[in-house]
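Chemist: Mind looking over this structure? Questions follow.
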Amino acid sequence: MSMQPDGQQVQAAVAAMRADATMWRDMAADLTAAASTAGGLDLGRRQFSMIADQLGMTELYQQVQERLVQLIGQGADTFEATASALTTAAAGYEADEAAAVHRLHDIY
């Protein structure tokens, strides 16, 4: 025997989903800023010793930096996708609830 949620429960769930979506979007923005910062942390031959540069440290650092920026960017994309999915679900629940209320008014 399952109980259907009432209008207040649906509204509370939708509000929670929207709040969660905002949180995910904020985290995506933080990661985007972190990726930008990481992308600007360039070290070149001037920062490494000549020997370290000759041993490939400059190139290795650049590869690690690029990978880090890529991974942080992917995290931001995933967080934004999560926020979008929550927003879409919340809108769907609101639409379903509005349609159900409308049907009830037509019945009575």
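Chemist: Assuming THR88 fulfils every condition listed in (1) within 30 Å of ALA12 (Cβ to Cβ); (2) over 24 Å from the mean Cα position of the chain (by Cα); (3) loosely packed, with under 13 Cβ neighbours inside 10 Å apart from one, which condition is it?
Modeler: (2)
Chemist: Could you check segment 38-83 and list, in sequence order, the residues that are of a type outside the set (A, V, I, L, M) and closer than 30 Å to MET17 by Cα? Break it down into steps so the answer makes sense when it comes.
Modeler: From segment 38-83, those of a type outside the set (A, V, I, L, M) are 39-40, 42, 44-49, 53-54, 56, 58-59, 61-63, 65-67, 70, 73-75, 77-80, 82; that's our starting set.
Hits for segment 38-83 are GLN70, GLY73, GLN74, GLY75, ASP77, THR78, PHE79, GLU80, THR82.
Chemist: Using the structure shown, decide if ALA28 is in a helix (DSSP H, G or I), free of Cβ contacts under 8 Å to residues at least 40 places away in the same chain and within 30 Å of ALA98 (Cβ to Cβ). Explain how you work it out, then say what you get.
Modeler: Numbers: in a helix (DSSP H, G or I): yes; free of Cβ contacts under 8 Å to residues at least 40 places away in the same chain: no; within 30 Å of ALA98 (Cβ to Cβ): yes.
For ALA28, the condition - in a helix (DSSP H, G or I), free of Cβ contacts under 8 Å to residues at least 40 places away in the same chain and within 30 Å of ALA98 (Cβ to Cβ) - is not met.
Chemist: Suppose the filter is assigned to a helix (DSSP H, G or I), modelled with pLDDT of 95 or more and within 23 Å of MET17 (Cβ to Cβ); does GLY92 pass it? Talk me through it step by step, then tell me what you get.
Modeler: Details: assigned to a helix (DSSP H, G or I): yes; modelled with pLDDT of 95 or more: no; within 23 Å of MET17 (Cβ to Cβ): yes.
Considered against the rule, which asks whether it is assigned to a helix (DSSP H, G or I), modelled with pLDDT of 95 or more and within 23 Å of MET17 (Cβ to Cβ), GLY92 comes out as no.
Chemist: Which one is farthest from SER84 (Cα to Cα) among residues in segment 31-63 that are assigned to a helix (DSSP H, G or I) and acidic (Asp, Glu)? Walk me through it before giving the result.
Modeler: Our first condition is that a residue be assigned to a helix (DSSP H, G or I); within segment 31-63, this holds for 31-39, 50-54, 57-63.
Then keep just the ones that are acidic (Asp, Glu); that gives 53, 59.
Details: ASP53: 44, GLU59: 37 Å.
So, considering only residues that are assigned to a helix (DSSP H, G or I) and acidic (Asp, Glu), the one farthest from SER84 (Cα to Cα) is ASP53.
The values are calculated or read from the model by the stated rules, or taken from the named source; none is laboratory data. Model, not experiment: these values are computed from the prediction. Reconstructed Cβ throughout: ideal geometry from the backbone, glycine too, with neighbour counts over all protein chains shown.
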